[in-house]
Structure formats: C-alpha cells, structure tokens
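Okay, so here's the structure we're looking at.
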C-alpha cells in the first residue's frame, strides 16, 4: 500500500483560510452571498450594502459612510473600482501523539480588486503573498497543487446580465456547499478545495428569493502536479425549504478527470438559521478511480457546526468532522473543534480556535491552537 | 448619500377568550412577526416582538364567538430584527413621528364574529376589521384569525399585509437595497378565559 504523505501542519491546521465568507448570516435570513459580496459566490470584497452590514455587525458598530475623499474617489475611478489590502496573520501551535509542540506563524497579504466597466461587466482579482504556504494535504492518490509565495487565487471576468444572473470565466475556487472559509476542514481539504486550488473555469450564478443554481465547468489552473490536471464539470443547487430565508438545503456535485485520476463527488449540505444561532452540515461522498491501476475507492467526509451569535460581533462555534477513506488508502479520522470570532471593527477581526483530530487507525491524536488576526484597509 | 435602511413593522392583534357572556379576556403569551421583501433577491427582513398586549370582551354565541372592544398594542422598542443598527433604522424611519416620538403600534376593532368550523366546535375563524395606528396615524386594517380552543386556553393565529404607502411612509433603502411597500405580518397568541386584566405578551 502506498503511504500517505500528510504534512503535520495540515493535519492540525485550524484556519488555513482567510476570513471571508460569512455563511452565518443565514441566521438573519440572508440566503445567499450576492446581497453583500461583489461576487455572488461569496467571499472577497463587499459591495456598499455589505460594507454597511459589516460596519453594523462590528463591536464598534455605527453607520457606514462611503469616503468623500477626492483622492480616494479618483483612485477608485469614481466608485468603479472596489479594492483593499488585507493582511491575515495566524499563529498556530500544534502537536501530535509522542511529538513535540510546533509553533508556526503564517502571514498572508492580499490585494483584492473588482473593477466595474459598465453594462454589468466586471473584472476581479485577488493576488496573495505569504511567508508560509498552506497547501492542502498531499495524498498519494491526489497530491496538492504547487504553492508559490505570490499567487493569484482569483482572476475573473464576470458579466451581471440581470440582478440575479451572472456569468464568470477565469480562475477561482469552485463553488462549494456550506462555503465556510476554513480550508482545512475535510469537506474542503479532501475535495480539492484548498487555498491554491484555483482551476480555470466558466460558471453561472442564478439566484432568487428561494433558490440558487450554479453550473460550472473547469479545467486545470496550471499549478497541478503532473498527471492531475483535472477537467470536468458540476453544479450546485440550493433551495430555501420553508421560504423564510433560514432553511437552505442544497447539493453540490461534480465529476473531474485527469490523466491519472477520475473523481466524482456528491455533497448534500444545509445551512439553517434560528435568529441568534444556526447549524451548518455537509456530507460529501467522493468516488475516485486511479486510472493506471484501475483502483477504485470511496471517501466520506462529514462536517457539522453549531454557531451562536452571543453578540452581533462575537460568534463562537463548535464543530465536528469525520473522514473515512476506503482501502487501499484507508483512513479514518475524527475531529472536533471550537472557535470564537470577534469582529472588532470592519477592519479588524480576531479569531481563536482549538481543534483536536484523532486518527482511529493509528491512535494518534493531534491537537492544535490558533490565534488569527485579520486586517484590511477601509473602502 | 447616506440612505437609511430599516424595516417595517406592523402587526395587529386581537385578543380572544371565551366565556358564557361577555367576559373580558387578555393575551397571556403573544408574538407578532413580520417579513418584508427587498429589491435584492434573497434578502428579506424579518422581525419579531414578544411584547404584544391585548384584550377584548369575548362572548360565546350559538354559532361561534363574538369579540368586542378588541384592543392591542406593541411597543416599538420591542421589535427586533436581529441587527441593532437595522432596528435603529426601523425605529427612526418607520415609527418615529415628525416630533420625534415613537408611539406604540395600536389596533382597535369594535367587534368581530367568529364562526365555528363545521364539525369542529373548538375551532373558529373570523375576520377582525378595525384600525391600525402606526406613528399615531390610523388606517383601516383587517386580519383573519383562526382560533382553537383547548380546555380553558385558546390559541389564535393570523396573518395579513400592511402597505407602508397607506401611512405615507417611504420605503426604506440602504445602498441600493430597498424594502417592498407591502409588509407581511403574522401574529400568534394565546388567551385564557376569565382573565380580566391586561396581560403582557412577553418581555419588553
């Protein structure tokens, strides 16, 4: 059997992702991301309405007022350019059974830009520089993409045909279920949804009061390992079951094929909001076939989270995860975690988290603690 | 332009109870909620109050119930949308009068006849028509109620629509997200026989 090559840092990473999408807004009846984010997929830059919500939901609170500075207006092409600089610093302390604790500081700078050209046409991009890479686990059957210290995680040309219909082409993360920003969770890290997974793609977003549909087609992003340049297609569809904006269930499904590996994934998920608290759940079933040896095996990845908005700006959460991979790459992992996120101002967010992963095959337990500070320039 | 966002609220309530002849009854636990859509697909604003107060005189008649002197109110400050800033906008742009006051929402109806459902003597339906005051401005308002009797306790639910424009209230908007003119309201409450005093529907 081939040995798994899983770096310790990824086994124990808690918040490998940047703080971006906030699916917790389901608690207040925000069924999709398009209301607050420039991109309907969520994450990244906020539109003016989103910035006002961002301000209102911070500890500082208050009214959001767009800048009146002539210089800023000139730099923003009279409001056509939305941009910011963002820094995410993360200190992580992790260990595993019979191993010493290891500290790691990861700093990441991001420049994010969305430029409107009129008639609904927009170009958006995110350029990232970092001191320490955070690739998803490199598995024998599916190695991680090659990280670089300067990286374009997103570069999209988009056309907003209507206020609820958009087409995008370029490179970006693929649409995914619950859409949590934590890239280390199994449902993301074991389904090619790591930080550097930015395949070339064409996708559509069509959303309404109770639905959201996103078909997509993808091709290699260019940084995949040899033999794993994946091409395929998929679709995400979700529906607000009760019609109150707080009971979204959906499914994301895709099929991808590369020279060495075929992959089919089906992932039902749910986002439920109950005012001050809510639940996320996702269960992804993945079938893989190694084409050279005709070896097929399955993977189940489950995720559940309960969050509670103690204050609008203070949101603790607890989460549980499970990963099962069939022979010949057998794995059985359990993880539990807790985190608390404090949005002090729209520009400063602090998060603390703890996560414990237990390998049921080896008996090893890997705890990790993380402190993260995210800052961004106002816009 | 720093436009305001807010929500609307409105509700109406009628108290209910049942007695042999014109017993005063009051709400013991009541809540009013509202939903208003916006111009952006996928955003609707929801709010709730559990501070509904109401009373009425209830009389059992051969074909159902008769409600008289229905009075209900909700303090504006009890309305909660889950976002403090949004609540502030709601109070400021929907419920504050020109002289800076925020009077309670008030519903009054002189009478209503609630018919018993055929074959179900413990269930009644009626259309309660009266006036609803927002910002101290009264307009005609009607809400259908469904009432179910269980022992000495009665549960009632109802839903209706309020148009902001009827009250001369401009639809609030915030950075391009504008609420609709029509606000869907829903009420749920329970009453008890023989409760002669006004009771609070919940914390304020």
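Which ones in the range A:45-76 are away from chain B (no Cβ under 11 Å), modelled with pLDDT under 90 and part of a loop (DSSP other than H, G, I, E, B)?
Answer for the range A:45-76, where residues must be away from chain B (no Cβ under 11 Å), modelled with pLDDT under 90 and part of a loop (DSSP other than H, G, I, E, B): A:67, A:69, A:76.
Looking at the range B:125-198, what strands (runs of 3 or more DSSP E) fall wholly within it and have at least 3 residues that are surrounded by fewer than 16 Cβ atoms within 10 Å (Cβ to Cβ) and touching a residue at least 24 places away in the same chain (Cβ under 8 Å)? Explain how you work it out, then say what you get.
On the way: elements: B:137-150, B:153-163, B:182-192.
By residue number, B:137-150, B:153-163.
Here are some residues: A:236, A:290, A:242. Which one is at pLDDT 95 or above and within 30 Å of residue B:36 (Cα to Cα)? Talk me through it step by step, then tell me what you get.
Details: A:290 fails: within 30 Å of residue B:36 (Cα to Cα); A:242 fails: at pLDDT 95 or above.
Exactly one of A:236, A:290, A:242 is at pLDDT 95 or above and within 30 Å of residue B:36 (Cα to Cα), namely A:236.
Might you check whether a residue that is in a strand (DSSP E or B), closer than 16 Å to residue A:24 by Cβ and under 18 Å from the mean Cα position of the chain (by Cα) occurs anywhere in the range A:254-265?
As a first pass, look at the range A:254-265 and keep what is in a strand (DSSP E or B): A:254-257, A:261-265.
Among the residues that remain, those that are also closer than 16 Å to residue A:24 by Cβ are: none.
No, there is no match, as no residue in the range A:254-265 is in a strand (DSSP E or B), closer than 16 Å to residue A:24 by Cβ and under 18 Å from the mean Cα position of the chain (by Cα).
Would you check which residues across the range B:75-91 are more than 18 Å from the chain's Cα centre (by Cα) and in a loop (DSSP other than H, G, I, E, B) and list them?
Filtering the range B:75-91 down to residues more than 18 Å from the chain's Cα centre (by Cα) leaves B:82-86, B:88-89.
Of everything in the range B:75-91, those that are more than 18 Å from the chain's Cα centre (by Cα) and in a loop (DSSP other than H, G, I, E, B) turn out to be B:82, B:83.
Out of all the residues in the range A:191-231, which are in a strand (DSSP E or B), within 25 Å of residue A:128 (Cβ to Cβ) and touching a residue at least 24 places away in the same chain (Cβ under 8 Å)? Break it down stepwise before answering.
Of the range A:191-231, the ones in a strand (DSSP E or B) are A:200-207, A:211-219, A:231.
Then drop every residue that is not within 25 Å of residue A:128 (Cβ to Cβ), which leaves A:200-203, A:205, A:214, A:216-219, A:231.
A:200, A:201, A:202, A:203, A:205, A:214, A:216, A:218, A:231 - these are the residues of the range A:191-231 that are in a strand (DSSP E or B), within 25 Å of residue A:128 (Cβ to Cβ) and touching a residue at least 24 places away in the same chain (Cβ under 8 Å).
Being closer than 18 Å to residue A:147 by Cβ and at pLDDT below 95 is the filter here; which residues of the range A:113-127 pass it?
Once the filter is applied, which keeps residues that are closer than 18 Å to residue A:147 by Cβ and at pLDDT below 95, the range A:113-127 yields nothing.
Quick grid of which residues meet (1) closer than 27 Å to residue A:310 by Cβ; (2) in contact with a helix residue (DSSP H, G or I) (Cβ under 9 Å, 6 or more places away or on another chain); (3) surrounded by fewer than 19 Cβ atoms within 10 Å (Cβ to Cβ):
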position	(1), (2), (3)
A:226	no, no, yes
A:236	no, no, no
A:240	yes, no, no
A:252	no, no, no
A:267	no, yes, no
A:286	no, no, no
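Report whether or not residue B:98 is more than 16 Å from the chain's Cα centre (by Cα) and within 14 Å of chain A (Cβ to nearest Cβ).
Values: more than 16 Å from the chain's Cα centre (by Cα): yes; within 14 Å of chain A (Cβ to nearest Cβ): no.
No; evaluated as a whole, the condition is false for this residue.
The values are calculated or read from the model by the stated rules, or taken from the named source; none is laboratory data. Everything quoted here is computed from the prediction, not taken from an experiment. Cβ coordinates were reconstructed from backbone atoms using ideal geometry, including for glycine residues, and neighbour counts include every protein chain displayed.
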